[in-house]
Structures are given as structure tokens and as C-alpha cells.
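The structure appears below as C-alpha cells.
Every read-out reported here was derived from the displayed coordinates using simple, explicitly stated rules and does not represent laboratory data. Since the model is a prediction, treat every value here as computed from it, not as a measurement. No Cβ is skipped: glycine too gets one built from the backbone with ideal geometry, and neighbour counts run over all protein chains shown.
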Amino acid sequence: MNEGRAASRYAKATLDFAVEKKAADAVEKDMRNIASTIAENKDLKTVLGSPVVKGEIKKKALNEIFKGSHQITMGLLGVLTDNKRIDLLREVALKYIIQHEQLKGQDVAYVTTAVPLNAALERKILAEVTKITGKKVTIENKVDENVLGGFVLRVGDLQYDASIANKLNNIKREFTNSL
């Protein structure tokens with residue numbers, strides 16, 4: 001089973017349980033915290049992916065880092081550790097957020113740009129994405145200088161890459177292939 005499908009299944013099971021216990025919003029808040037914590041901390045990401053570090057050590061570290069999280073979130077950490085799938089934690093958190101937004105009838109449009117979006121541009125993107133998806137959409141802007149210019153838009157499983165970096169890579173690939 002590929003990693004994306006496994007993460008989706010863990011996220012779906014967690015979401016179903018959270019909805020049943022009427023804790024889906026609290027767990028989503030935890031998942032956002034988990035996703036951002038792992039993204040910002042390369043050492044944590046390395047430890048979670050390391051086969052050398054024992055599962056119990058990972059479990060204790062995660063329980064300490066995310067102390068105060070909802071009981072369902074803590075249970076997910078335990079299940080992922082016990083099943084030796086803790087390296088999927090960030091992806092499970094992201095899939096949970098997407099699935100919960102879809103359950104609420106919303107989508108999240110992740111827009112990666114080289115500089116922060118201004119209000120006018122954000123409204124324009126929001127209107128276009130709402131028209132395309134037919135759903136209520138919220139925008140989350142991520143700034144990444146590696147984009148160089150343009151943007152990368154991701155809504156659910158759809159991605160549109162109109163970044164300068166992508167265009168330069170395409171030109172480089174065409175040039176290399178023509179030699």
C-alpha cells in the first residue's frame with residue numbers, strides 16, 4: 001500500500017471516531033499543530049522517520065511534545081507508533097484536515113507564493129477557486145522563496161503549478177532532452 005493511501009485511511013478512521021465522539025474540531029486543531037510542528041522541526045521529522053530510534057522512544061517524545069492534546073489525538077499517536085507507521089504522522093494530520101474541511105462542505109486552497117498575498121489578490125484567487133470547485137473555500141498562504149515568482153495552488157488532490165521555478169525546470173528539461 002502506498003504511503004498516501006495509508007495516511008488517508010488513518011485520517012479517515014480518526015475523523016470518523018472524532019465525529020462520533022463530537023470532537024472533530026478539537027482534533028483538527030491538534031492536527032494543525034502536529035503538521036506545523038513537524039514541518040518546522042527537521043530534527044523531529046528525522047527522528048520519526050528513523051528506523052534506528054525505537055518506537056517507545058518516539059512515543060514518549062511525541063506524548064511530551066503534544067501533551068495536552070485531545071485523547072483521540074493521543075490515541076492516534078499510539079496506534080501509529082504501535083503499527084510502525086509513525087513516519088506518516090504529518091501526512092495523516094494533513095489528510096485529516098482536508099477530510100474534515102470537506103466534511104464541513106469547505107475546501108482549503110493552499111497557495112504557495114514567493115511573497116505574502118495581498119488582500120485584493122487573495123479575494124481574486126478565492127473567487128476563482130470557489131467558481132472552479134463550487135464549494136466554500138478558505139485560503140491558506142505559504143511563503144516559499146524557492147518558488148521565485150508566480151504561485152502553486154493546491155485544492156484537495158488538484159494542483160496547479162504556475163511558479164517561475166517550475167517553468168525554469170521545464171525549460172531546462174526541454175533543453176536537456178533536445179541535446
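So what is the 222 nm mean residue ellipticity for the chain from helices alone, if each DSSP H run of at least 4 adds -39500 (n - 2.57) and you divide by all residues, rounding to the nearest 500 deg cm²/dmol?
Taken over the chain, the calculation gives -20000 deg cm²/dmol.
Compute the distance in nm between two label points, each set 7 Å from the Cα along the Cα-to-Cβ direction, one at residue 169 and one at residue 65.
2.6
Under a plain spin-label model, where a point goes 7 Å from the Cα along Cα-to-Cβ, how far apart in nm are residue 162 and residue 85?
Placing both labels 7 Å beyond Cα along the Cβ direction yields 3.7 nm.
Given a cut-off of 32 Å, name the pairs among 22/142; 42/124; 58/135; 29/131; 67/124 whose C-alpha atoms lie farther apart than that in the structure shown.
Going by Cα-Cα distance, 42/124; 58/135; 67/124 fall outside the 32 Å limit.
Calculate, in nm to one decimal, what residue 132 and residue 32 gain on full extension: separation in residues at 0.36 nm each, minus their alpha carbon distance.
33.4 nm
What FRET efficiency would be calculated for the residue pair residue 19, residue 120, taking the C-beta separation as r and a Förster radius of 41 Å, to the nearest 0.05?
0.65
With angles folded into 0 to 90 degrees, how steeply does helix 71-82 sit against the dominant principal axis of the chain? Use alpha carbons for both and round to 10.
Helix 71-82 sits roughly 90 degrees off the main axis of the chain.
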